[in-house]
1. Can you pull the one-decimal nm distance between simple spin-label points at Arg338 and Asp227, each 7 Å off the Cα toward Cβ?
2. Please give the contour-minus-distance gain from Thr38 to Thr291: 0.36 nm per residue of separation, less the Cα-Cα distance, rounded to one decimal in nm.
3. Taking the Cα centre of segment 143-185 as origin, sum charge times position over the Cβ atoms of Lys and Arg (+1) and Asp and Glu (-1), and report the length of that vector in debye to the nearest 20.
4. Would you please put 175-187, 150-162 in order of how densely packed they are, using the mean number of other Cβ atoms within 10 angstrom per residue and starting with the highest?
5. Work out the length of the dipole vector of segment 216-316 about its Cα centre, built from +1 on the beta-carbon of each Lys and Arg and -1 on the beta-carbon of each Asp and Glu, and round it to the nearest 20 debye.
6. Using the 2.2 N^0.38 Å rule of thumb for compact globular proteins, work out how segment 208-362 stacks up: its C-alpha Rg over that value, please.
7. Based on the mean of other Cβ atoms within 10 Å per residue, sort peptides 324-337, 279-292 so the most packed one is first.
8. What relative contact order, as a whole-number percentage, does segment 198-243 give when Cα pairs under 8 Å and 6 or more residues apart are counted?
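No value in this document is a laboratory result; all are computed from the given coordinates. Quick caveat, the model's predicted, so the values are computed rather than measured. A quick note on method: Cβ atoms are made from the backbone with ideal geometry, for glycine too, and the neighbour counts reach across all protein chains shown.
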Amino acid sequence: MSQGSTQLPPRGGARKPVSSNTPAKASKRKPKKKRSVTKTVLLVILAIVILVGGFLVYLGIRADQAIKQIGTDDPDATPIPVSESVKNKSVSMALLGIDTRANAGGMNTDVMMVAAFNPSTKSAVVVSIPRDSLLKLDGYADRKANGHYNAFYRQALDKETKSGKKTKDAKVLAEADAKRAISEMLGKFFGIETKYTAIINFKGFTDVVDALGGIEVDVDMDMKWSDSHDGTNINLKKGYQLLNGGQALDFVRYRQSKDGKNMSSDFDRNKRESQVVAKVVDKMKSLDGLTKLGTVIDAVGDNLKINMPQSEIKNMMGAYFGISSENVQFIALEGNWRSPYVYLDQAKLDAARSALQAKMAE
């Protein structure tokens, strides 16, 4: 640099020399606090527990309401000993499907089953009876299977009406008598103690399937049938498909077509009944089904009646919750049609009796 020239300071002003002995100032920024991952996970788990607990309480309330509609409540009845409860002892019951649609013109017992349940193995045997079967039993009139309940009901209703009961009260008492009579008769027929009778109408069946979002079924043939008298309009195509409640009912009920093609029978119906029940059972225990339990409970409560104490219904729900179709043995009775009856195959009937008796004895 030449003499007389002035040295300019660097841009930004003169820099102050820093002595190596001068301590550096601490940064004013505070270190970020680390989010506690453990705490967050615990909060999420707690929230889930609260939500699930609230949902279960909610379901419990809805279940209690449904049970009050479904079961009986006789304050004067003798309490059932713990050792005799359905949660500790095998129980058998009659299961009847009744057609109470507005256009059907009365009560038609379209489905009849007998089921035996064992709580220790959480398993069951369900026997399906063709509705035209001749059930021959000492002390009872020879009738088709589906005619016995209606006969018991009419007899009981006539008795209660003649005794001076009001129509509404007479019907309630007649229904209770008919349930006791049909369970007693079927128990004698199969050689077991059949303690209860459950009746569900067609509306209940369709509502339950709809509440579950439908069921996937392999329809074995094209099914087409219509009847303006009772409003039936069956129109299903062959193949594996999702059926809603009405379609599932059509699948179970289908027997014949007007063109004489793709004919079915009561034996085929019984097999389809077992198939659909198994599908419903499995759908109920699926994750999707569990989320819809509330709606299912409502559907059942509105359409199912059983002469079982409310406390026992709760015990049964607890004992068999989560049962799988793999633990249910379905037996569809068969026979030969000779108008006006189906004469049951004796070997298959004996096998069904043995299976029910064995389940009750476990």
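1. 2.6
2. Result: 88.2 nm gained on full extension.
3. On the way: 11 positive and 6 negative charges, 25 e Å.
With Lys and Arg at +1 and Asp and Glu at -1, about 120 debye.
4. Numbers: 175-187: 20.3, 150-162: 16.2.
Per-residue Cβ counts within 10 Å, averaged per peptide and sorted highest first, yield 175-187, 150-162.
5. Details: 16 positive and 16 negative charges, 22 e Å.
The calculated dipole for segment 216-316 is roughly 100 debye.
6. Dividing the Cα radius of gyration by 2.2 N^0.38 Å gives 1.19.
7. Working: 324-337: 17.0, 279-292: 15.4.
Per-residue Cβ counts within 10 Å, averaged per peptide and sorted highest first, yield 324-337, 279-292.
8. Values: 49 pairs, mean separation 17.0, N = 46.
The value is 37 percent.
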